[in-house]
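The values are calculated or read from the model by the stated rules, or taken from the named source; none is laboratory data. Given the structure is predicted, the values throughout are model-derived calculations rather than measurements. Neighbour counts are summed over all protein chains in view; Cβ atoms, including those assigned to glycine, are modelled from backbone coordinates with ideal geometry.
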Ligand SMILES: [Zn+2]
Ligand SMILES: [Zn+2]
């Protein structure tokens with residue numbers, strides 16, 4: 001039994017219309033959704049996985065490189081004190097903030 005409602009939120013939905021941090025990620029069904037992936041909202045782990053996959057498919061790997069920053073670990077300090085609100089991703093210790101979408 002899951003504590004979360006089993007519902008997938010389309011990536012087109014703006015952050016205001018998505019229960020960020022409450023609804024479960026449709027891919028892993030474990031972690032809460034934080035950022036919009038290609039098709040649906042995802043947790044930080046699945047979002048980073050999807051970004052890496054896109055970078056691999058793109059071949060050169062440069063086009064999506066910036067997006068990989070917004071993962072479950074900070075690329076600067078390697079810590080996991082990171083969070084996201086749908087538009088921004090940030091690392092608390094580094095005070096690193098990245099805009100993920102407008
Ligand atoms: Zn997930
Ligand atoms: Zn950091």
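Structural remarks
- Cross-chain or 6+ apart pairs with Cβ under 6 Å, segment 58-81 first and at pLDDT below 80, then within 16 Å of ligand 2 (Cβ to nearest atom) and in a loop (DSSP other than H, G, I, E, B): 69/75
- The lone exception for residue 44 - which of (1) surrounded by 12 or more Cβ atoms within 10 Å (Cβ to Cβ); (2) more than 9 Å from ligand 1 (Cβ to nearest atom); (3) modelled with pLDDT of 85 or more it fails: (2)
- In this entry, residue 54 is excluded by the filter for residues that are modelled with pLDDT under 95 and within 16 Å of ligand 2 (Cβ to nearest atom).
- Residue 8 being part of a loop (DSSP other than H, G, I, E, B) and at pLDDT below 95: yes
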